[in-house]
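The values are calculated or read from the model by the stated rules, or taken from the named source; none is laboratory data. Not measured: the values here are computed from a predicted model. Backbone-built Cβ (ideal geometry, glycine too); neighbour counts: all protein chains shown.
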Amino acid sequence: MALSACPHRPPCDGCPRFGASGIARAARETLQGLAHSQGLPDVPIHSGDLFGFRHRARLAIRGRLGSPKIGLFEADSHHVVHIPNCRVQHPLINEVAGVVRGALVDAKITCYSDRAQLGLARYLQVVVERSSGTAQLVLVANTDSVEPLAQCLEFIRERLGSRLHSLWLNFNTQPNNVILAPGFYHHCGPQSVIEEFGGARVHYPPGAFGQSNLGVAEQIVAHIRARIPSGAHVTEFYAGVGAIGLSLLGGVDRLTLNEVSPQSLFGLQLGLAELPDALRAKVEVVPGTADAAIHAAGSQVVIVDPPRRGLDPQLRQLLSAQPPEHLIYVSCGLASFLNDVGLLLAGGKLCLAELTAFNLMPFTEHVETVARFQRR
């Protein structure tokens with residue numbers, strides 16, 4: 001099949017640059033400009049597989065009773081494009097979506113309407129565990145009770161069989177665009193998907209953040225690990241379930257991890273529980289926001305991996321005024337990253353030593369950036 005052949009384009013715009021190589025031109029030129037302004041060479045750009053790379057997907061469920069659509073919203077709308085043969089998703093995600101669609105039909109489950117705020121099935125989250133080749137499923141429903149979805153859940157469990165990792169129901173009755181609400185019902189299967197980064201087993205409960213492109217995520221973690229001095233004390237803010245931090249444990253003296261999400265903290269707890277006593281003793285977990293945990297920033301190495309909005313203001317101010325020897329910034333939002341870089345450098349105590357880009361979400365405008373700063 002040619003690169004230009006996608007059965008869902010248009011109207012699906014999930015891959016606005018479908019068929020294009022590398023990162024978007026505007027992002028590349030912006031990063032090259034930043035690098036050159038700081039006396040650095042051209043920014044290396046790392047990529048991975050272009051098809052079947054997405055091991056994690058959140059899909060909207062809309063449509064009529066007996067004819068659900070499972071896919072992505074059209075731009076600026078709540079109209080769902082059904083994408084049963086998406087080429088960037090792992091094939092198991094497409095298979096699971098087809099099974100769930102059949103279960104919704106056979107169990108006579110209504111689909112959510114954003115306008116009326118009625119209907120049961122709202123979203124589907126699917127996460128593929130690479131080691132087992134099975135799928136963790138979360139069906140997000142406009143209900144606070146299991147009973148209306150009980151038959152549907154059983155249909156899904158029976159029909160997926162050995163391809164099912166675990167099955168969950170998420171109760172989301174709020175009239176907003178939040179996909180996962182706090183409340184989960186565990187229907188069957190293990191508590192978490194497990195992936196390995198640098199030899200560390202990392203646990204992903206259904207509500208924890210995880211990267212969808214695990215191949216490129218592994219490249220990012222390895223890139224960071226190679227830049228951590230042996231025997232260092234490392235603090236990571238926005239640590240999630242520990243994909244970066246736990247992979248460092250064999251080579252560092254102490255590790256402090258900060259995270260605010262309860263589901264990610266639970267995944268981190270599961271990962272720490274599996275460690276030998278000697279490694280677990282190296283780790284301190286500081287729950288809460290990054291601003292509330294800034295007392296933990298006094299380490300030789302600080303790693304920050306903030307959400308798209310960028311660094312919390314108090315943490316950014318502290319890192320600029322009292323910088324560590326080494327600061328590694330992992331960015332998923334180019335605009336906020338550029339703003340943070342300007343403010344970090346404005347204090348005059350940090351210099352930008354290295355800048356690297358990763359094509360984490362091929363065919364989109366997104367770029368994942370890893371910057372290494374050094375104290376002057």
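State the number of residues belonging to the stretch 55-98 that are surrounded by fewer than 15 Cβ atoms within 10 Å (Cβ to Cβ), touching a residue at least 60 places away in the same chain (Cβ under 8 Å) and among the hydrophobic types (A, V, I, L, M, F, W, C).
The number of residues fulfilling the criteria is 1.
Could you tell me which residue of the stretch 190-240 is nearest to the chain's Cα centre (by Cα), considering only residues that are buried (at least 23 other Cβ atoms within 10 Å of the Cβ) and of a type in the set (Ser, Thr, Tyr)?
Checked the stretch 190-240; the qualifying residue nearest to the chain's Cα centre (by Cα) is 204.
With the structure loaded, tell me whether residue 35 is more than 24 Å from the chain's Cα centre (by Cα), in contact (Cβ under 8 Å) with a residue 24 or more places away in the chain and within 22 Å of residue 359 (Cα to Cα) or whether it fails that test.
The answer is yes for residue 35.
Being small (Gly, Ala, Ser) and out of contact with any helix residue (DSSP H, G or I) (no Cβ under 6 Å at 6 or more places or on another chain) narrows it down to one residue among 198, 161, 207; which is it?
161
Inspect the stretch 335-351 for any residue being at pLDDT below 95 and not small (Gly, Ala, Ser) and give the result as yes or no.
no
Considering each of 85, 94 in turn, give the residue that is in contact with a Cys (Cβ under 7 Å, 6 or more places away or on another chain) and at pLDDT 95 or above.
Within the list 85, 94, the selection yields 94.
Scan the stretch 8-18 and tell me whether some residue there is surrounded by 16 or more Cβ atoms within 10 Å (Cβ to Cβ), in contact with an Asp or Glu (Cβ under 8 Å, 6 or more places away or on another chain) and free of Cβ contacts under 8 Å to residues at least 40 places away in the same chain.
No, that holds for no residue.
Condition first: among the aliphatic types (A, V, I, L, M) and part of a strand (DSSP E or B). Now tell me which residues in the stretch 63-98 satisfy that.
If the condition is that a residue be among the aliphatic types (A, V, I, L, M) and part of a strand (DSSP E or B), then 70, 72, 80, 81 are the ones that fit.
Determine the pairs where a residue that is in contact (Cβ under 8 Å) with a residue 24 or more places away in the chain, located within the stretch 113-128, has a partner that is part of a loop (DSSP other than H, G, I, E, B) and of a type in the set (A, V, I, L, M, F, W, C) with Cβ atoms under 9 Å apart, the partner being 6 or more residues away or on another chain.
Taking only residues 6 or more apart or on different chains, the pairs are 120/109; 121/109; 122/179; 123/179; 123/180; 125/179; 125/180.
Assigned to a helix (DSSP H, G or I), touching a strand residue (DSSP E or B) at 6+ places or on another chain (Cβ under 9 Å) and not polar (S, T, N, Q): is that true of residue 345 in this structure?
Yes, satisfied.
Check every one of the helices (runs of 4 or more DSSP H) wholly within the stretch 213-296 and list those with 3 or more residues that are closer than 25 Å to residue 44 by Cβ and not aliphatic (A, V, I, L, M).
Output list reads 214-225.
Given the conditions (1) of a type in the set (Lys, Arg); (2) in a strand (DSSP E or B); (3) crowded, with 18+ Cβ neighbours inside 10 Å, report the number of the one that residue 101 does not fulfil.
That leaves (2) as the condition not met.
Just checking, which of 343, 327, 334 is touching a Ser or Thr at 6+ places or on another chain (Cβ under 7 Å) and free of Cβ contacts under 8 Å to residues at least 60 places away in the same chain?
One residue alone meets the criteria, 343.
With respect to residue 45, is the statement that it is aliphatic (A, V, I, L, M) and touching a Gly at 6+ places or on another chain (Cβ under 7 Å) true?
So residue 45 passes the test.
Go over the candidates 5, 60, 35 one by one and state the one that is of a type in the set (A, V, I, L, M) and part of a loop (DSSP other than H, G, I, E, B).
5
Got a number for residues in the stretch 292-304 being surrounded by fewer than 19 Cβ atoms within 10 Å (Cβ to Cβ) and either at pLDDT 95 or above or within 16 Å of residue 243 (Cα to Cα) (or both)?
1
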